[in-house]
Amino acid sequence: MFAQRVARLAPYVPGEQPGPRPGGRSYVKLNANENPYPPSPLAVQAVTRLLTDDPARLARYPDPDSAALRAAVAALLNTTGGVLTAPSAESGLHLTPDMIFLANGSDEALSFLFYAFFDSEGRHCIVQTAPTYSFYPVYAGFYGIPLCAVPLFSDFRLDTGALVKGANETDSSIILANPNAPTGMAINRALLRALPPDRVHVVDEAYADFAAESALPLLAEFPNLAIVRTFSKSMSFAGMRLGYVAANPPLIAALTTVKNSFNHFPLDVLTQTAGIAACGDVPWYAENVRRIVAQRESFGAVLRHSGWQVLPSQANFLFAQKPGTSGREIYERCKAAGILVRHFPTPPLDGFVRITIGTAEEMAALEECLAPGIPRPL
Ligand code: PMP
């Protein structure tokens, strides 16, 4: 009944999406690296206006090329430089709409990148770190692309030498999450200069808006770099599904060919409308990122004070362990208190939990559960 390839699939397992708790209350959800704040009011108003003033628009297909949204995303990046921790009009970026490819979430963008740039046969493979975002091996398996993994150091720092050596020795592409998942640790973009020049390399910047820098300035020098980004984290759009690739125009053209061979209209009218408005509200998003980063730093300090090991994060989450306690035990303790965090069953991650940074109230509730009575540093 089924095609044989279906039996070979090994799908990605996302963070738990729970129903209501016993008693009807909902969980505090700190397990999927979502943003605790709503999207910009400008985005909400734009969608409300469309639904009120022009509901018949929903009966028409959306713009297949999302031209206005691509222009808005390029302008957003030129304004922020690709980090919302320190948006600066002096970013020095000059991205144009033909350098932006939009997708139904960055997972879809990644899938198109794998299809467009990584071969299933021949001497090349894709080199990734281990651990990293666990969707990469899923796509490699889906398309039958050979994948090699370079282990991180035991303290989860990236072994940049080994990654570059691995890519150069096999003349291969790399895929790198920067900041990495699930650790939150980031590397300096200068590393990318040492990679083989004739292969496409992918940097997944899902969390870069919370970090110190982005690789976007390298696009001016590197025709073979593809930078994947998402509206799901810093822009509060996880429920809308909007991700993108920033790259030079020939790469964007190849991705567009793949998209149009798969789904001509991946972005619906509401997402395009909301996305355009959201791109115009940098102050809203910069303030949310500021609050999240402040919580990340002070909550991390509290955990460290009470004996936890907390990796230095540049993302909207912390990866932390309490020596002597398994990640699963912490997860269960939090769940009993109505808070969901993420744990990972296999070494070397099984001692850790990944904690998404929520609102001040949510983090206070988690603190009560994990580190009661520890004063917050000022
Ligand atoms: N890349 C990384 C590193 C992620 O952690 C995620 C979120 N699970 C994604 C990409 C995908 O995000 P989305 O599809 O919501 O844009």
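The values are calculated or read from the model by the stated rules, or taken from the named source; none is laboratory data. Keep in mind it's a predicted model, so treat the numbers as computed, not measured. Neighbour counts run over all protein chains shown; Cβ positions are idealised from the backbone, glycine included. Surface accessibility is based on the protein's heavy atoms, side chains included, excluding ligands, DNA and RNA. Shrake-Rupley method; radii C 1.70, N 1.55, O 1.52, S 1.80 Å.
Cβ-Cβ distances below 9 Å connect the following pairs, each with a first residue in region 291-315 that is more than 19 Å from residue 232 (Cα to Cα) and not assigned by TED's automatic domain parsing to the domain that holds residue 185, a second residue that is at pLDDT 95 or above and of a type in the set (Lys, Arg), and a separation of six or more residues or different chains: 303/322; 306/322; 307/322; 308/322; 309/322; 310/304. Residues that are out of contact with any Phe, Trp or Tyr (no Cβ under 7 Å at 6 or more places or on another chain), within 19 Å of residue 267 (Cα to Cα) and charged (D, E, K, R) within region 65-114 comprise 65, 70, 98, 108, listed in sequence order. Checking the stated criteria, residue 113 turns out not to satisfy the condition of being over 24 Å from residue 198 (Cα atoms), crowded, with 22+ Cβ neighbours inside 10 Å and in contact (Cβ under 8 Å) with a residue 40 or more places away in the chain. When the criteria are applied in full, residue 91 meets the requirement of being at pLDDT below 95, over 26 Å from residue 318 (Cβ atoms) and open to solvent by less than 60 Å² (accessible area, probe 1.4 Å).
Which ones in region 49-62 are open to solvent by 60 Å² or more (accessible area, probe 1.4 Å), of a type outside the set (Phe, Trp, Tyr) and either touching a helix residue (DSSP H, G or I) at 6+ places or on another chain (Cβ under 7 Å) or part of a loop (DSSP other than H, G, I, E, B) (or both)? Across region 49-62, the qualifying residues are 54, 57, 58, 60.
Name every residue in region 39-48 that is in a loop (DSSP other than H, G, I, E, B) and away from the ligand (no atom under 16 Å from the Cβ), in order of residue number. The one that is in a loop (DSSP other than H, G, I, E, B) and away from the ligand (no atom under 16 Å from the Cβ): 40.
Residues that are open to solvent by less than 60 Å² (accessible area, probe 1.4 Å), touching an Asp or Glu at 6+ places or on another chain (Cβ under 9 Å) and touching a residue at least 24 places away in the same chain (Cβ under 8 Å): does region 360-371 have at least one? Within region 360-371, none of the residues are open to solvent by less than 60 Å² (accessible area, probe 1.4 Å), touching an Asp or Glu at 6+ places or on another chain (Cβ under 9 Å) and touching a residue at least 24 places away in the same chain (Cβ under 8 Å). Would you check if residue 229 is within 16 Å of the ligand (Cβ to nearest atom), of a type outside the set (Val, Ile, Thr), crowded, with 22+ Cβ neighbours inside 10 Å and closer than 22 Å to residue 103 by Cβ? Yes; evaluated as a whole, the condition is true for this residue. Beta carbons closer than 6 Å, at least 6 apart along the sequence or on distinct chains, never pair a first residue in region 194-209 that is in contact (Cβ under 8 Å) with a residue 60 or more places away in the chain with a second that is of a type in the set (Asp, Glu). Taking the conditions exactly as written (open to solvent by 20 Å² or more (accessible area, probe 1.4 Å), over 20 Å from the mean Cα position of the chain (by Cα) and either hydrophobic (A, V, I, L, M, F, W, C) or away from the ligand (no atom under 14 Å from the Cβ) (or both)), does residue 217 satisfy them or not? So residue 217 fails the test.
Criterion first (outside the structural domain of residue 214 (by TED's automatic domain parsing), hydroxyl-bearing (Ser, Thr, Tyr) and more than 16 Å from the ligand (Cβ to nearest atom)) does residue 261 satisfy it? Taking the combined requirement at face value, the residue does not satisfy it. Taken together, the residues in region 33-46 that are within 23 Å of the chain's Cα centre (by Cα) and surrounded by 17 or more Cβ atoms within 10 Å (Cβ to Cβ) amount to 7. When you check residue 255 against the structure, is it in a loop (DSSP other than H, G, I, E, B) and either touching a helix residue (DSSP H, G or I) at 6+ places or on another chain (Cβ under 6 Å) or of a type in the set (A, V, I, L, M) (or both), yes or no? For residue 255, the condition - in a loop (DSSP other than H, G, I, E, B) and either touching a helix residue (DSSP H, G or I) at 6+ places or on another chain (Cβ under 6 Å) or of a type in the set (A, V, I, L, M) (or both) - is not met. Do we have any residue at all in region 335-346 that's open to solvent by less than 10 Å² (accessible area, probe 1.4 Å), part of a helix (DSSP H, G or I) and either touching a strand residue (DSSP E or B) at 6+ places or on another chain (Cβ under 8 Å) or aromatic (Phe, Trp, Tyr) (or both)? Checked against the condition, which is being open to solvent by less than 10 Å² (accessible area, probe 1.4 Å), part of a helix (DSSP H, G or I) and either touching a strand residue (DSSP E or B) at 6+ places or on another chain (Cβ under 8 Å) or aromatic (Phe, Trp, Tyr) (or both), region 335-346 yields no hits at all.
If the condition is being at pLDDT 90 or above and open to solvent by 10 Å² or more (accessible area, probe 1.4 Å), then region 169-179 contributes only 178.
Among the residues of region 14-25, those that are in contact (Cβ under 8 Å) with a residue 40 or more places away in the chain and either out of contact with any strand residue (DSSP E or B) (no Cβ under 9 Å at 6 or more places or on another chain) or not in a loop (DSSP other than H, G, I, E, B) (or both) comprise 21, 25.
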